[in-house]
Amino acid sequence: MRLKTMWIACMAILLLSCNQQYRIAEMSGTIVEMNSSFDTYPHRQMEELVQSYKTELDREMNVVIGRSTQFMDYKRPESLLTNLTSDVMKSYGDEHLPGGADIGVMNVHGHRATLPAGDVTIGNLYEIYSFDNTITFLELKGSDLKKMFDAYARIGGAGISSNVKLVIDKRKVKSVTIGGQPIDKNKIYHIVTLDYLAEGNDNMSAFRDAVSSVNTGITLRDVMIDWVKEQTRRGNEIESALDGRIVIR
């Protein structure tokens, strides 16, 4: 079977959907038998058309937008990539929420690839953040935030911003602070997370009890691309650190 042709067609659809000048108004298809006649007209003509879109897509994906000082992986309890993503998410909240954000929360497997050392391309970030998850702002009671950290303790950690210090002992929270302060069960905390987690998925059931939830409609991928571009504009390379924000004893 010509699976290559199917893949090229998918890439063409991706290109059209990413290009703000176009919108897919209608889509239809037919079953094409994969036999000896497949390489004949008009299929070659269609493949040539799709190939032209793939060439343009490859060109866009290979654009270098930054440089990383290190290879970054994603894993528990913390990692260079989960730390980086969570910190950028909190920074985004600081810019767009009145009074800023209290924490950024990211699931480990919201990352689907590692970040290489050296040049960072748009394609790298499409591979890492391959889902169209959108940034969501939550208002969460401190009592429910404690439940979220209980879930972190059970699963062995996940992405969290650097202002959090969480110590886990025997899958239970031994201590947790935000900005050096213990959680106030009566306070409303401002959380930056993903729509997927805001729905209570991936052990984040505490988020279903949020006082308010606002889906920005902005994908995490776009936030990360813009952030890398801005760091490059400032003359900064991309870097992260394992800083003990989550410790398991």
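The values are calculated or read from the model by the stated rules, or taken from the named source; none is laboratory data. If you're wondering where the values come from, they're calculated on a predicted model, not measured in any experiment. Glycine also receives a Cβ, built like all others from the backbone with ideal geometry; neighbour counts cover every protein chain displayed. Accessible surface is based on the protein model in full, side chains and every heavy atom, while ligands, DNA and RNA are left aside. Shrake-Rupley method; radii C 1.70, N 1.55, O 1.52, S 1.80 Å.
Scanning segment 190-217 for residues that are open to solvent by 70 Å² or more (accessible area, probe 1.4 Å) and under 20 Å from residue 98 (Cα atoms) yields 211, 213, 214, 215.
Scanning segment 220-249 for residues that are out of contact with any helix residue (DSSP H, G or I) (no Cβ under 8 Å at 6 or more places or on another chain), in contact (Cβ under 8 Å) with a residue 40 or more places away in the chain and within 20 Å of residue 62 (Cα to Cα) gives 229, 231, 232.
Yes/no per residue for (1) in contact with a helix residue (DSSP H, G or I) (Cβ under 9 Å, 6 or more places away or on another chain); (2) among the hydroxyl-bearing types (Ser, Thr, Tyr):
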position	(1), (2)
179	no, no
185	yes, no
189	yes, yes
202	yes, no
208	yes, no
212	no, yes
216	yes, yes
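When we screen 93, 123, 157 for residues that are in a helix (DSSP H, G or I), under 18 Å from the mean Cα position of the chain (by Cα) and more than 23 Å from residue 216 (Cβ to Cβ), the only hit is 123. Quick check on my filter: what residues within segment 160-173 are open to solvent by 40 Å² or more (accessible area, probe 1.4 Å), in contact with a helix residue (DSSP H, G or I) (Cβ under 7 Å, 6 or more places away or on another chain) and assigned to a strand (DSSP E or B)? Selection gives 172, 173. Being open to solvent by 70 Å² or more (accessible area, probe 1.4 Å) and closer than 23 Å to residue 64 by Cβ is the filter here, so list the residues in segment 237-249 that pass it. The answer is 237, 239. Checked against (1) open to solvent by less than 30 Å² (accessible area, probe 1.4 Å); (2) modelled with pLDDT of 95 or more, residue 57 passes all but condition (2). Among the residues making up segment 85-112, a single one is aliphatic (A, V, I, L, M) and farther than 19 Å from residue 207 by Cα: 88.
If only residues of segment 94-112 that are more than 24 Å from residue 73 (Cα to Cα) and touching a residue at least 40 places away in the same chain (Cβ under 8 Å) are counted, the one that is surrounded by the fewest Cβ atoms within 10 Å (Cβ to Cβ) is 99. Output yes when any residue across segment 92-106 is over 23 Å from residue 136 (Cβ atoms) and touching a helix residue (DSSP H, G or I) at 6+ places or on another chain (Cβ under 9 Å), and no when none is. No: segment 92-106 contains no residue that is over 23 Å from residue 136 (Cβ atoms) and touching a helix residue (DSSP H, G or I) at 6+ places or on another chain (Cβ under 9 Å). Give segment 218-236 a look and list any residue that's of a type outside the set (Gly, Ala, Ser), open to solvent by 30 Å² or more (accessible area, probe 1.4 Å) and closer than 22 Å to residue 80 by Cβ, or say none. Answer for segment 218-236, where residues must be of a type outside the set (Gly, Ala, Ser), open to solvent by 30 Å² or more (accessible area, probe 1.4 Å) and closer than 22 Å to residue 80 by Cβ: 222, 226, 227, 229, 230, 232, 234, 236.
Among the conditions (1) touching a residue at least 40 places away in the same chain (Cβ under 8 Å); (2) part of a loop (DSSP other than H, G, I, E, B), residue 200 misses just one, which is (1). Counting only residues that are in a strand (DSSP E or B) and either open to solvent by less than 50 Å² (accessible area, probe 1.4 Å) or basic (Lys, Arg) (or both), segment 174-189 holds 5 of them.
Under the condition of being touching a Gly at 6+ places or on another chain (Cβ under 9 Å) and of a type in the set (Lys, Arg), the residues counted in segment 201-238 number 2.
Looking across segment 215-249, just one residue is more than 18 Å from the chain's Cα centre (by Cα), charged (D, E, K, R) and outside any loop (DSSP other than H, G, I, E, B), and that is 233.
Within segment 206-214, is there a residue that is closer than 30 Å to residue 168 by Cα, modelled with pLDDT of 95 or more and under 16 Å from the mean Cα position of the chain (by Cα)? No.
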